[in-house]
Each structure stands twice: as C-alpha cells, then as structure tokens.
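Data first, discussion second: the structure below is written as structure tokens.
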Amino acid sequence: MLKLENVSKKYHNKSVLENIDLEIQPGEIVSLLGQSGSGKTTLLNIILGLTKMDSGKIYYENEDLTNVKMKDRGFNIVFQDYALFPHLNAYENIVYGLKNKKSMDSKNELHEYIDFLELGPHLDKKISQLSGGQKQRVALTRTLVMKPRILLLDEPLSALDGVIKESIKERIKSIAKQFQLTTIIVTHDPEEALTLSDKILIINQGHVSQFGTPHEIIHEPNNEFVKDFILKQLHIKRQNIFHLFGEQYA
Ligand SMILES: Nc1ncnc2c1ncn2[C@@H]1O[C@H](COP(=O)(O)OP(=O)(O)OP(=O)(O)O)[C@@H](O)[C@H]1O
Ligand SMILES: [Mg+2]
C-alpha cells in the first residue's frame, strides 16, 4: 500500500498542496483529477521523489520513503511529453534504462512487453517516424520494462484523440490488472478519470475535494466543487452519465 500523510508544499510562500492524505491499495488505478494549476503534477513528482515536500510523510508497504531518493524508491514515470531520445530508435529507447539494471530477467520477458504493446513492427523506426500513439506506447514500454513498483503517468492521454485514446486507455487498464501494477494517473478530464480509474482524487487548489470511486463521486459528491467540476465540465446531464457508464450507475 502507498500512503501519504499530511503532505504539504509551497512555492515562493504560496501554498500549492495542503495536508494531502491518500491511501492506494496494490493494483489500484488512481486518477489525480483537477484543473490546471491545482497541484496534480507537483503531487505526482513528490510521490516519484523528484520534488521534495515541505512537510508530511510517504510510506510504501510500511517503509518510510519520506527521505528516500527517487532512484531508490523504485517508482517510474511517463512524462507528458514522453521524453524519448530522438537519436535512438524505438527499441534502443525501450532498453535504454536496462543497461545498468538487472531488473529484466530475460529477453523473452522484454519481448512479452513489446508484444503486449504491439510494438514489434516498429522497433527499428526512429522516434520521428512514429505516430503519437506509437510514441506513447514506446514511452510506456520503456517504463514498464524497468519493472516499477508503482507506475506514474502524467496526462498520458491528453495528446491523443479518438480511437488511439480509447486503445491506450484500455491498454493502461489491462497492464494495471494483468501485472497487478499500482498506477497513478494525472488528468484534467473528468470523463477520462471516471472511465479509467478504480478511485479518483479530486484536487481543488491544492486541497483534496474528494477521494472515492467513480460511483461515489457521481452519486455522493462531497461538495459543490465536485458537482460543478464533474457535472458541468462534462457538459452532460446526470442521466447521460448513467448512460455512459451503463446499468451499474443507474
Ligand atoms: N518549480 C516550480 N516553481 C514555482 N512554482 C511552481 C513550480 N512548479 C509548479 N509551480 C506552481 O504550482 C502550482 C501547481 O502546479 P502543478 O504543475 O502541480 O499543476 P497541475 O495541476 O499539474 O497543472 P496542469 O494541469 O496545468 O499541468 C501552479 O500554480 C504552478 O505555477
Ligand atoms: Mg501538470
């Protein structure tokens, strides 16, 4: 279990995150949902170990990680812009991190991930020759082969649209379930969060507005902000949300 206790962060004396508490169970997909500037990326980077919190604690499986460095936490991230190396081809990008690591047991296992993300035909291509969705899959594979204890994704779908977006969404879901991989996804899109996650943390200006399942958030919104953000931003009526999520939400 990943546990955050009372996490706070200020930039230039301005509070960006205030007293964030969060518990994530193994294998859960959790979305951090909020408007631009609400503190989502900051929170993701604090979990990763890239950004230092001012106060609070972070635990993973009862181990106190608060002062543990990023590389020793064993978490891994896919950044929003993928951050692939343009001078390397798709395959070289995927295996780049394995050079100094014995985490991947065999070539078979590596190819299992490559097949799972259907990248076989694209391995020799330069990054500039890949589509957005293919780049996203290379970035995901590069992160997955490192066998992270937790997978962190910053707006993984925002640069994609239509069919590609749906297909990557389904793939993220099946990776999390198949590999029992705890996954934390930053998004500003309520529909994405509702259809992708087991639980959603709604952040409003650095505060937790609600933490719950999609069902709870739709049926028992904690406050006006949640109602507004979820319902008004979706531009659809309650009725249509039920329609969108099927019988179980009716
Ligand atoms: N390194 C930094 N130095 C100073 N201020 C920062 C820094 N990083 C973030 N901030 C500020 O902290 C607040 C939260 O930023 P953050 O990037 O976490 O928001 P976000 O929810 O990810 O937004 P977006 O959806 O636009 O990516 C913003 O007001 C931002 O300007
Ligand atoms: Mg961000």
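The values are calculated or read from the model by the stated rules, or taken from the named source; none is laboratory data. All values derive from a computational prediction rather than experimental measurement. As a convention, Cβ positions derive from the backbone with ideal geometry for all residues, glycine included, and neighbour counts pool all protein chains shown. Calculation scope for accessible area: heavy atoms of the full protein, side chains included, ligands and nucleic acids excluded. Shrake-Rupley method; radii C 1.70, N 1.55, O 1.52, S 1.80 Å.
If you take the residues in the range 146-205 that are closer than 19 Å to residue 43 by Cα and of a type in the set (Ser, Thr, Tyr), which one is farthest from ligand 2 (Cβ to nearest atom)?
Step by step, filter the range 146-205, then rank; the result is 182.
Restricting attention to the range 183-209, report how many residues are of a type in the set (Val, Ile, Thr), in contact with a Phe, Trp or Tyr (Cβ under 9 Å, 6 or more places away or on another chain) and open to solvent by 10 Å² or more (accessible area, probe 1.4 Å).
Counting residues in the range 183-209 that are of a type in the set (Val, Ile, Thr), in contact with a Phe, Trp or Tyr (Cβ under 9 Å, 6 or more places away or on another chain) and open to solvent by 10 Å² or more (accessible area, probe 1.4 Å) gives 1.
Filter the range 1-57 for residues that are assigned to a loop (DSSP other than H, G, I, E, B), open to solvent by 60 Å² or more (accessible area, probe 1.4 Å) and polar (S, T, N, Q); which is farthest from ligand 1 (Cβ to nearest atom)?
25
Could you check the range 85-148 for helices (runs of 4 or more DSSP H) lying wholly inside it with 2 or more residues that are touching a strand residue (DSSP E or B) at 6+ places or on another chain (Cβ under 7 Å)?
Answer list for the range 85-148: 132-144.
Go through the residues of the range 114-130 one by one and say whether even a single one is within 25 Å of residue 2 (Cβ to Cβ) and surrounded by 17 or more Cβ atoms within 10 Å (Cβ to Cβ).
yes
Out of the range 74-89, which residues are farther than 13 Å from residue 141 by Cβ and β-branched (Val, Ile, Thr)?
77
State all residues of the range 139-161 that are modelled with pLDDT under 90, more than 16 Å from ligand 1 (Cβ to nearest atom) and open to solvent by 50 Å² or more (accessible area, probe 1.4 Å); if no residue qualifies, say none.
147, 161
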